[in-house]
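To start, the structure itself, in structure tokens.
None of the figures in this text is laboratory data; all of them are computed from the coordinates on show. The structure displayed is predicted, hence computed values, not measured ones. For neighbour counting, all protein chains shown are included, and Cβ atoms are generated from backbone atoms with ideal geometry for every residue, glycine included.
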Amino acid sequence: MNPKLFKLLINVYPPYLGTGIVLTHVADDYSHITIRMKERFYNRNYVGTHFGGSLYAMTDPFYMLMLIQILGPKYVVWDKASSIKFVKPGKGTVTAEFHVDQALVEKIKRETADGRVFLPELTVPIKNEQGDIVAMVVKTLYIREKANL
């Protein structure tokens, strides 16, 4: 999918539109994505910080979607599990950056050879405007070649 169309579709997707989550950057090769969320009255919790569900939602499908685009139709890529650790209160604008480098792509291809399933754990920090980590999200993906299902 064209990265510009991908960005548009994500940004009008109702769950993101409703929480103020914005995809601000997609690399042409899908190797890097940046997500941003401004603090608003509708995404704050009772104590006045970012709602934890919105912080998690910032990270939900992006590693999976990036790898689907990078690996192509020969692979099945699913989100298998996820965890979030809140490090400090999230205030103001928060950002999450996702990176998939060539070393990871090569490792996926090696680990899925001969029909094997690969379950990489990929971590993405969510940072505030000062660069402090407010939450750490670990995504576990399920990756396998389709021909070997």
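Put a dot 7 Å past the Cα of Trp78, heading toward its Cβ, do the same for Asp28, and the two dots end up 3.5 nm apart. Against the chain, whose longest principal axis is taken from its Cα atoms, helix 62-71 shows a tilt of about 30°. FRET efficiency for the Val47 to Val87 pair, using the beta carbon distance and R₀ = 22 Å, is estimated at 0.90. Based on every Cα atom in the range 35-103, Rg and the maximum pairwise Cα distance Dmax equal 14.7, 46 Å.
Would you work out which of Tyr75, Thr140, Asn45 lies farthest towards the positive end of the dipole of the range 3-148? Charges go on Cβ: Lys and Arg +1, Asp and Glu -1. Sorting the options by dipole projection puts first Asn45. Where in the range 62-89 does the amide nitrogen come within less than 14 Å of the point 7 Å from the Cα of Thr123, taken along Cα to Cβ? The answer is 83-87, whose backbone nitrogens lie closer than 14 Å to the label point.
Couplings 3J(HN,Hα) of the range 20-36, computed from phi: x, 7, 10, 7, 9, 8, 9, 5, 4, 9, 6, 7, 8, 9, 10, 10, 9 Hz, in residue order, whole Hz [Karplus 6.51 cos²θ - 1.76 cosθ + 1.60, θ = phi - 60°; x for Gly and Pro]. For Gln102 and Gln130, a Förster radius of 30 Å and the Cβ-Cβ distance give a FRET efficiency of 0.45, rounded to the nearest 0.05.
Along the axis of the charge dipole computed for the range 1-143 (Cβ charges of +1 for Lys and Arg, -1 for Asp and Glu, origin at the Cα centre), the listed residues Gly90, Met66, Thr24 are led at the positive end by Gly90.
Can you pick out the pairs among Lys4/Lys80; Lys88/Lys139; Lys74/Lys139; Lys88/Lys109; Lys4/Lys146 whose Cα atoms lie more than 29 Å from each other? Flagged as over cut-off: Lys88/Lys109. Dipole magnitude for the chain: about 280 debye, using +1 per Lys or Arg Cβ and -1 per Asp or Glu Cβ, origin at the Cα centre. Whole-percent P(r), the chain, all Cα pairs, 5 Å bins from 0: 2, 10, 19, 21, 19, 14, 9, 5, 2, 1, 0. Its Cα centre serving as origin, the range 38-124 has a Cβ charge dipole (Lys and Arg +1, Asp and Glu -1) of approximately 260 debye.
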